[in-house]
Amino acid sequence: MNKSKIRVIVILGEILVIGILALVILLPGSSGSSADTDVKSKVKAAVKAGDAEYLADEDAGVASVEEELAELERLEAERLKREEEERLEAERLRLEEEEKAKAAAMSLGAEEEAALKAAMYDYDAAIELLQGIPEYETRDDVKATVKEYEAARDKLVKWEDNTQISHLFVHSLIVDTARAFRKGSSQPVGYNRYMTTVGEFKLILQSLYDKGYVLVSMHDIAERYVGEDGVEKLRKKPIYLPEGKTPFVLSQDDVNYYAYMDNDGFADRLVIGDDGIPTCKYIEADGTVSYGEYDVLPIVDNFLKEHPDFSYRGAKGILAVTGYEGALGYDTGWHMYDLDNPEEAAKLKAEQDAAKAVADAIKADGWEFASHSYTHTDMKTNSFDKVVYDTDKWEREVEPILGETDLYIYPFGSDICDWKGYKGDKYEYLKKAGFWYFCNVDASRYWIQITDNYMRMGRINADGERMMKTPQKLDYFFDSASILDKSRPAL
Ligand SMILES: [Zn+2]
């Protein structure tokens with residue numbers, strides 16, 4: 001045999017061997033031998049491992065970005081937290097400062113208020129305010145003031161006789177005498193007789209103050225209380241003033257600013273000023289509107305700012321109001337509108353709301369209201385039915401605006417009974433309507449009755465008539481000759 005034949009045989013043999021080997025290896029694979037499974041799972045595992053490796057690589061990338069983000073987030077959160085903490089701290093400091101300022105203001109406010117109360121002879125209230133200051137224990141200056149107030153209080157003298165207290169009254173004040181006394185005015189003579197001018201009134205206040213007079217309320221003279229028998233009664237209330245001071249009551253009638261007074265130089269109405277304190281609206285001759293001291297209320301208020309010792313415990317005056325032409329300068333009379341017409345009814349409501357707001361401000365300012373009847377008719381000569389009709393109307397139309405009052409000031413000063421005392425149906429009716437304090441007009445220096453059931457007080461008119469005709473009656477209070485307005489015509 002030649003070499004190439006042998007080579008072919010060898011190759012064929014090798015092929016055969018390989019073939020057999022291949023069979024040996026591959027056949028069990030198709031039959032699912034364990035060796036084959038091992039290989040497969042090994043390959044699978046390898047792929048998986050690769051994947052895992054791949055995924056692990058991928059994760060590593062994501063993880064590092066996320067870590068970075070998380071770190072950023074953490075820093076951001078930290079920054080926000082710090083900022084929030086700083087904000088809260090600043091807020092806390094601000095509130096602390098505010099509290100301190102408030103406490104200081106309150107202390108200062110309390111001190112100022114106490115000083116005002118003390119100036120008005122209400123030392124107990126003043127002392128209580130001062131002792132309520134948070135830093136009272138460490139404030140020697142405040143303690144010294146308390147000692148001062150205690151000493152001043154101990155020097156006060158009880159007013160000897162509560163039936164010896166004067167009561168002066170005026171009507172709306174004349175602002176512009178030229179307009180009031182001119183020929184074309186509604187009633188130049190009436191104004192001259194029954195009215196007082198702004199200038200005169202200011203001088204009267206000054207004179208009263210100089211003579212030691214101090215404003216008191218009728219409620220300071222006598223107080224209502226519930227007796228042991230459960231029945232409400234009235235009794236004298238002690239008034240404590242410094243030696244030399246004399247209590248007196250001030251009132252103003254017809255605080256209505258009636259239509260007939262328009263253009264005659266009187267205030268137009270009471271309003272609430274920009275500072276929330278009541279004041280007057282006044283219309284000048286040329287139509288210009290101004291606000292300020294055009295009637296009793298703002299004049300007394302301003303006088304008291306200068307002289308708080310002119311008031312006993314904050315007492316001011318009594319404003320007596322009728323209803324037939326509204327109240328305080330507002331058209332609140334029901335008969336002034338056609339109430340079946342919704343538009344008209346709305347107008348009445350608006351006037352009532354405005355008047356009530358002013359009335360509330362007036363009361364908050366320390367003034368009191370009195371009924372001056374609804375119709376301004378003579379309660380002495382009126383029949384019982386007329387008194388009932390009038391009183392019911394006042395309660396229906398005026399009381400909702402002014403609020404309840406136990407003060408009654410008779411129109412024309414005309415009292416329902418004589419000096420002997422109250423009895424009869426008119427009195428019973430007025431009493432049932434809630435009135436306890438009644439004022440007539442009496443030219444005596446003082447005239448007061450206080451019983452278990454009522455107080456009656458005479459008043460003196462400080463007007464043109466009195467100042468010109470019987471000025472001596474006013475000598476206790478002021479010198480009419482030096483007060484009378486030079487522009488008044490002779491009476
Ligand atoms: Zn009147």
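Rule-based calculations on the coordinates, nothing more; no lab input. These numbers were taken from a predicted model, which means no experiment stands behind them. Here Cβ is always computed from backbone atoms with ideal geometry, including for glycine, and neighbour counts include all displayed protein chains.
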I need the per residue convex hull volume for the range 69-155, using only the alpha carbons, in cubic angstrom as a whole number. 84
Could you pull the Rg and Dmax for the range 145-269, using just the Cα atoms, both in Å? 20.1, 61
With R₀ set to 30 angstrom, the calculated FRET efficiency between the beta-carbons of Val231 and Asp425, to the nearest 0.05, is 0.90
Sorted from largest to smallest, which semi-axis lengths in Å does the alpha carbon gyration tensor of the chain give for its equivalent ellipsoid, taking the root of 5 times each eigenvalue? 98, 31, 24
Roughly speaking, what is the stretch gain from Glu465 to Asp338, that is 0.36 nm per residue apart minus the C-alpha to C-alpha distance, in nm to one decimal? 41.7 nm
Shape call, the range 358-450: gyration tensor on alpha carbons, a/c limit 1.5: oblate
Computed label-point distance, nm, for sites Gln187 and Glu160 using a 7 Å Cα→Cβ extension: 4.0
Of all beta bridges DSSP finds with both residues in the range 332-473, what is the antiparallel percent, to the nearest 5? 30
Taking 8 Å as the Cα distance limit and 6 or more residues as the minimum spacing, I'd like the relative contact order of the chain as a percentage. 15
What ³J(HN,Hα) values, in whole Hz, does the Karplus curve 6.51 cos²θ - 1.76 cosθ + 1.60 give for the range 173-187 when θ = phi - 60°, with x put for Gly and Pro? 7, 7, 8, 10, 5, 4, 6, 5, 9, 5, 4, x, 5, 4, 7
Antiparallel DSSP beta bridges within the chain, percent to nearest 5: 45
With a Förster distance of 41 angstrom and the Cβ-Cβ distance between Met106 and Glu83, calculated FRET efficiency to the nearest 0.05 equals 0.75
